[in-house]
Amino acid sequence: QVQLVESGGGLVQAGDSLRLSCAASGRTFNSYTMGWFRQAPGKEREFVTAIRASGGTTYYADSVKGRFTISRDNAKNTVYLQMNNLKPEDTAVYYCAAGKSIFLSTSRGYDYWGQGTQVTVSS
């Protein structure tokens, strides 16, 4: 069992930066692929980024490539999402997820989810 708690969301202006954190419980954090998804009002949840257990491989949605960076600290059981040059279209609830599937860009690839943190970007 893994419990995930996100933090770091807030209201910012376009062009600003935010860093989200996701703290995980349990002693097997370093065996999980960690992902970030987001869901805007009226839209389906979408993949943002993921990082493999070792931290050596990362994946990004085209919409955030070059602006967002995922990283993890296995010693702290924490995964981070650094978001730069934020745009109004980045406004959403951001969810952290943990899984061991090869399907890391879809929700079905993850077994555990956090409660989400709101990110609002004003123009």
Any idea how many residues of the stretch 33-49 are open to solvent by less than 20 Å² (accessible area, probe 1.4 Å) and either out of contact with any Ser or Thr (no Cβ under 6 Å at 6 or more places or on another chain) or of a type in the set (Val, Ile, Thr) (or both)? 7
Residues being closer than 21 Å to residue 102 by Cα and open to solvent by 60 Å² or more (accessible area, probe 1.4 Å) - total across the stretch 61-79: 3
Any residue at all in the stretch 98-105 that's out of contact with any Phe, Trp or Tyr (no Cβ under 9 Å at 6 or more places or on another chain) and open to solvent by 50 Å² or more (accessible area, probe 1.4 Å)? yes
From (1) modelled with pLDDT of 95 or more; (2) within 23 Å of residue 121 (Cβ to Cβ), pick out the condition that doesn't hold for residue 78. (2)
Within the stretch 80-92, how many residues are open to solvent by 10 Å² or more (accessible area, probe 1.4 Å) and in contact (Cβ under 8 Å) with a residue 60 or more places away in the chain? 6
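Rundown of residues vs (1) modelled with pLDDT under 95; (2) among the hydrophobic types (A, V, I, L, M, F, W, C), yes/no style:
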{"position": "2", "(1), (2)": "yes, yes"}
{"position": "18", "(1), (2)": "no, yes"}
{"position": "46", "(1), (2)": "no, no"}
{"position": "71", "(1), (2)": "no, no"}
{"position": "86", "(1), (2)": "no, yes"}
Residue check, residue 23 open to solvent by 30 Å² or more (accessible area, probe 1.4 Å), closer than 17 Å to residue 118 by Cα, assigned to a strand (DSSP E or B) and aliphatic (A, V, I, L, M): yes
Exclusive hit being more than 16 Å from residue 8 (Cα to Cα) and under 11 Å from the mean Cα position of the chain (by Cα), set 47, 29: 47
Condition first: open to solvent by 20 Å² or more (accessible area, probe 1.4 Å), farther than 16 Å from residue 86 by Cα and in contact with a Gly (Cβ under 8 Å, 6 or more places away or on another chain). Now tell me which residues in the stretch 1-20 satisfy that. 1, 3, 5
Please list, ordered by residue number, the strands (runs of 3 or more DSSP E) wholly in the stretch 46-89 having 3 or more residues that are closer than 23 Å to residue 3 by Cα. 46-51, 68-73, 78-83
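The values are calculated or read from the model by the stated rules, or taken from the named source; none is laboratory data. Just so you know, these numbers come straight off a predicted model, no measurement behind them. Neighbour counts are summed over all protein chains in view; Cβ atoms, including those assigned to glycine, are modelled from backbone coordinates with ideal geometry. For the accessible areas, the whole protein counts, side chains as well, though only heavy atoms, and no ligand, DNA or RNA atoms are used. Shrake-Rupley method; radii C 1.70, N 1.55, O 1.52, S 1.80 Å.
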